[in-house]
Amino acid sequence: MRTINVSVNGTKHSHEVEPRMLLIHYLREVIGLTGTHMGCETSLCGACTIEVNGKAVKSCTMFAVQADGAEILTIEGLAAPDGTLHPIQDAFWTEHALQCGFCTPGMIMITKQILERNPNPTEHEIREGLDGNLCRCTGYQHIVNAVRTASLHRDALASLPKAGA
Amino acid sequence: MKIAGTAQLPFPPEKAYDLMQDPAMLALAIPGCNSLEKTGENEYKLGLKMVLASLSGQFEGKVVLTEPNRPYSFKMLVEGTGKIGFVKGEGVIQLSGLGDGLSITSAITATGIEFAGEAQIGGSIASVGQRMIDTTSKLMVKQFFKKLEKLGLGDGVEKAGEAAAEQMGSGAGKTGEKPGENPEKWGK
Amino acid sequence: MIANSFEYSAPGSLKEALALLAEGAKPLAGGMSLIPMMKLRLANPEHLVDIGRLPELNYIREENGELHIGAGVTHFEVESSPLLLGKCPLIAETAAHIGDIQVRNRGTIGGSVAHADPSADYPAALHALDAKIVLVSGEGTRTLSTEEFFLDTFTTALEPGEIVSEVIVPVDAGLTGTSYQKFLQPASGFAIVGAAARVRQEGGKFTLVRVGMTGLSGNAYRARNVEDALVGKEVTDANIQAAAALVADGQDASSDLHATAEYRAHLAGAYTARALRAALARSA
Amino acid sequence: MSTTVTKLEKLVGKRIKRKEDPRLITGTATYVEDVKLPDMYHAAILRSPHGAANIKSIDISKAQALPGVVAVYTGADILGVGSVVCAADLPGLRRPVHHILAQDRTYFVGHAVAVVVAKDRYIAADGVDLIEVDWEPTQAVTDPEKALAAGAPAVHPEWPDNTAFVHNQEGGDMAQAFADAEVVVRQRIVSQRLIPNAMETRGVVADWKQADKSMTIWTSTQIPHLARSILAGQLGLDENRVRLIAPEVGGGFGSKLNVYPEEALMGFVSMKLHKPVKWIESRRENFQTTIHGRGHVDYLEIAAMRDGTILGLKLKLIQDLGSYLQLLTPAIPTLSVLMMPGLYKFRNISAQVIGVFTNAVPTDAYRGAGRPEATHGIERMVDMLAAELGMDPVEIRLKNFAGKDDFPFLTAAGLTYDSGDYAATLDKALEMIDYKGLRAQQAQARAEGRLMGIGISTYGELCGFGPSPATPAGGWESATVKVEPSGKVTVMTGCSPHGQGQETAFAQIAADELGVPMDDVIVLHGDTSIVQYGIGTFGSRNTAVGGAALHYALQDIRDKAKRFGAKMLGVEDGDVVLADGHCTASNGTSVTFQQIAAAAYRGIVIPTGSEPGLVATRFWEPSNFAYPYGAHIIVSEVDAETGQIEIKRYLAVDDIGNIINPLLVDGQLHGGVAQGLGQALWEHGIYDDNGQLVSGTFMDYAMPRARMMPWVESAHTVTPSPVNPLGAKGVGEAGTIGSTPAMVNSVVDALAPLGVRHIDMPMTAGKIWKLIQDSSIQEKKA
């Protein structure tokens, strides 16, 4: 067992974990944040995407011990404390960018990274950016629309909650 | 999936054939083999440690040699089962004499080998992706013949135990073989 | 889906890490190749040393006309480094082809190179760049050429206890044009083939040609036959086409669900030609 | 009484964003894996690594001895649990007994052999690794045609011919049609195995309460009530003491229209241990053990006159069933036969379906279930016939369509299509895409040596499942509308939506009918203790059948509300109208719907012959299926050097009847198209001859990704269905059905100059390149 200290969505946590515990299991089962989903075991679906120190990562392909000392942001940390949705969440809602919703937290988290690195992406750039995330319901078209719609809210995006900020 | 390929050994077919029928030599040449016991006519119990990149696993199985036709051809089956799945390879190995080709009477000094067969894997090991199967089975075959060449030329006569430490691949910081123990591999 | 138990160390210095590795521990960098294998219980290391956070392995700097990339530098850092984009765009371009954003955020150049996956993207570019791989162990460091380092399928010159510490690529801007062209396996995104080309021309003739190929066979390689067929030749598309067609010669092309050996060999030629053309268009 | 009535805007037909989304976009929804109960155990399952094998012995002692492992069960322990149920039937159907854990033999890779129950999931996984099985592998057979050959290994030793059933259907006079025909085109067409891959894998939590003899099961299913009935039967429990909850379900596409061994197995474990237990399927298990789709080999013959008049279609369909029959396995190919005539008026069909056992996971309903295969077959054959006759694919379709005045139209397969104007929909598509212009562009492209293709499919489907005689376990649907004293409305639907958006669509319908704000309506589903018995969500039936049941329940509420309103206003029943949230008398006085609700529960003013309360439940049985249709056109270009296909344009013009929410319809269509293009271009569940699933991970099974998908242009024609009061037809499967033949027709058209006349799916780049190579070689020879 090893002790890790992490900050998740701005709250500090300290736990003893087995080194083999995956970060996603730590978040879901130890911290109790179940918004991040496990969709595959080969790091190819992206449902488990979260941010570690400002970088989008697949939390199923990282051990919790590797996140010791990190600032973590999950889907639960995106909306404002008063419940006001993050512009990307709002865009996904407006554009009907989700159906069953299982891939959605990962899609929203990767969208945040896409737009941080490229505030005004083309359709092609959006599709390339979503390459690590699978959705079986939407055919992606409404997701592409949502990323584009979110990109129009650049002012709001500038005040994004950032892991580590 | 199908596997097929060719190899050359720098000695005549009779010698190549005999080497491949000799369990002591097979034990040294089969990559990762750490035990080979006779259980019947041309049938041997096999222990094999497969190490490939970060993957590793112990397999228990057998080697069966059939359809002997010295020095032209024989059939070989290698199979093993372990915690991470099972592997099975079966195929016909054909040998032909090669000379310098300068005249029809030129002496046969080498062996051309052609093999063709089927490789099968199952269990979790099959999850590594199909792209790995072809390249790694080719790697194993290549290592097998390379080792056989050394054995046939009288080098590398190591004990079976040492051969067991031989690995199919080396990744970052792999353990199992001490540097310097096998200078040829670590050379350059 | 759940790894076997293991011991984990996160040393504070490279020296400490090398000491642990010398005792038989295995290195963990970004974990993009290792962790999926551990989850399937195909890889079962007893002791992992986390070298992914060592500041000593995390740098990109220019020194004596060469670019030094620490092993711990992520693919994202390579693809977005202004220094590399300006002075060695091929390595940055290649990094951008690896996996997806999340993988590029975690995966490291040292981890990828040490893994020596026969379909990995970097080796093609590193061959074309005449890159050098620096290895370090408790006993010291050594520097190898790519052809000395990449030995075979998942097989490198690394000795037990030794890790890749940095990759050295040339300052390559200016007259040289480069390109990496990749044909994706649709499911995994790995290269079915990936061709890296680096060319210089002068007076309508090729003065420098480097071609690296990945995915075609069990090991990425430098296609010297293509290079030899072009150097000194007129810069024409026919010459490019003819030279590129040689790329699979002497290679034992791989075959799998996604591409037969015949198709792979064909694609290798086609993508080599595409990479050469694109590189040529970027050369001054 | 109030007299100002504001006209309310109708919500039905509007693009309204979904009510279900806030919980999904904030990560606060509850899927099965999110269910956490006190003292809950975790289960992991040992599965067969072999395609076919005898179990000589199993040693569980090491697993049992592992600290943290609570119990290990094998096939010998579960004989008291009922076997897995197949609800479909056909004359002479052979039904293998499908135990929830294998007995002395396993039949496919992934077949469950033992379950380890432990204090956490990590230990459960460790326990599975410690079980030792002495396997005796035997020869497997995975290709259905090889399984039918003499001497093939028997999947079930008791049936050496591997044949589960032979089903024949004839319509008209096929012999005469072939005798009259001037041209016959024949083709073998494969619809490959597909793996549904809902993003949420399956999962079960079972919680047995011994004192109450009650069981609660959370499971990721499309059919909560049917699953409850079946599981109660398997476990020997009273149906009313089993509560089944389908919480948030992360996609199904038919793969969760089933009851799997693990559901009863977790029930069994919880009953043994008196503790809740959870099992979550891994992706690898999902690939290997959740049903696959398609798996057809079709031999098709189309008979026609030289003028393009189609006379008849003959089909021999070899269905790869896999090793067992899951819930609907044998019924799926019979749907293909029903759909064989497509949109065409020819009168003669002849079909033989042979259901074949193979050493593979069972096939069953996957998005479209039998209809995509049939549509692919007929739409390919029509194109091939057009090519044979030198006709334009548009012309041959227009010549053979059932006319708009032919409805209700009785097809050669015996179905009665409800409504349609097929030519008008095709015309709209042709106009939108400028078909003539495209053909000119194509001529230009061909002159330049480029391989450009234009592919058309005009698909039809039967959906809105369905009349009960045609739907195993019943084809009706139920709805309850419960108005609270405050006038807030709760809808309980027997459907079990899992992404389709009925919490929104049904709220639109209810809000419109009752004149209440949409926010005042909530829609509940998926919990058998809350919702009246229902059938579930599949076969594009939510709106057409579930929505219709809701419509009638709302009419009951309206009727009762009007009687209360009239009584409150002191007028005759017939003197009021209920609109815009008000019940208004002819004298202009009115009461609000909320006032009526309050009065209905206060119980003082009760209309004669009525009673307090404002609740209505309706079970609605459709008289027929609904029959959406459409025209999909794909413009593609093939890179002759690499064989890669680029989709230049994708246009879908669909007629799905009346539309409740266009936003949701677009989403359904796009998703359907993605799965169809997935089949046409990339996806393939491949077993090797030894029974290994070689495309068994996302490393090898190519799912459509964002960068692979084209932009889908979409439009509609609207021909309301007369079958249900909403006039809706159904859209869930339309995109999947329309897209595969359009894609293949497009690529075949692109390669037509090379002499290519058919390509089987998936049309991978390597396959196309090989075709180009082979035909160029032939050309050189010729």
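Where a number appears in this text, it was derived from the coordinates with a stated rule and is not lab data. Bear in mind that the values here come from a model prediction, so they are computed numbers and not experimental data. Every residue, glycine among them, receives a Cβ derived from its backbone with ideal geometry; neighbour counts consider all protein chains shown.
Here are the numbers for this structure:
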read-out	value
Pairwise centroid distance, computed over Cα atoms, of region A:50-117 with region C:244-284, Å	39 Å
Choice from C:V169, C:V199, C:V231 with maximal GNM fluctuation in chain C (Cα, 10 Å cutoff)	C:V231
Cβ-defined net charge surrounding D:L8, 9 Å radius [Lys, Arg +1; Asp, Glu -1]	-1
Relative contact order, percent, region A:87-158 [alpha-carbon distance under 8 Å, six or more residues apart]	51 percent
Selected from C:A238, A:V57, D:L554, residue furthest toward positive end of dipole (the protein assembly as shown; charges at beta carbon)	D:L554
Cβ-placed point charges (K, R +1; D, E -1), dipole of the protein assembly as shown about Cα centre in debye, nearest 20	1020 debye
Three-way shape label, chain D, alpha-carbon gyration tensor, a/c 1.5	oblate
Anchor D:K272: aspartates and glutamates whose Cα lies under 20 Å away (excluding residues fewer than 8 positions away in-chain)	D:D39, D:D77, D:D120, D:D207, D:D212, D:D238, D:E239, D:E262, D:E263
Rounded tilt (10° steps) of A:104-117 against the dominant C-alpha axis of chain A	70 degrees
Sum of side-chain charges, D:L664 neighbourhood, beta-carbon under 10 Å (Lys, Arg +1; Asp, Glu -1)	+2
Local net charge near D:G267, Cβ-Cβ under 15 Å (Lys/Arg +1, Asp/Glu -1)	+2
Estimated dipole of chain D in Debye, rounded to 20 [Cβ of Lys and Arg +1, of Asp and Glu -1, Cα centre]	760 debye
Of C:L48, C:P36, C:L20, farthest towards positive along the dipole that unit charges on Lys, Arg, Asp, Glu beta carbons give region C:7-50	C:P36
Pairs beyond 22 Å (Cα-Cα), from D:K256/D:K482; B:K45/D:K56; C:K39/D:K278; B:K38/B:K88	D:K256/D:K482
Average Cα contact separation per residue, region C:1-82, under 8 Å, 6 or more apart, as relative contact order %	33 percent
Cα-based equivalent ellipsoid of the protein assembly as shown: semi-axis lengths in Å, sorted from largest, via gyration tensor	54, 37, 34
Mean Cα-pair separation over length for chain D, i.e. relative contact order, pairs under 8 Å, 6 or more apart, %	16 percent
Selected from A:A67, A:A47, A:A80 as most flexible by GNM, with chain A as the system and alpha-carbon contacts under 10 Å	A:A80
Between region C:18-96 and region D:720-769, the Cα center-to-center distance that results, in Å	45 Å
Ranking of C:L175, A:L33 by count of other Cβ atoms within 10 Å, fewest first	C:L175, A:L33
Of the DSSP H helices in chain C, those whose Cα atoms cover at least 20 Å axially and whose Kyte score averages -1.0 or more	C:261-282
Theoretical ellipticity at 222 nm over the protein assembly as shown - DSSP helices of four or more residues, -39500 (n - 2.57) apiece, nearest 500	-8500 deg cm²/dmol
Rounded, prolate or oblate (a/c below 1.5 giving rounded, otherwise prolate when a/b exceeds b/c) for region D:679-725 by Cα gyration tensor	oblate
Farthest positive-ward along the protein assembly as shown dipole, Cα basis, beta-carbon charges - from D:I354, B:I113, D:Q668	D:Q668
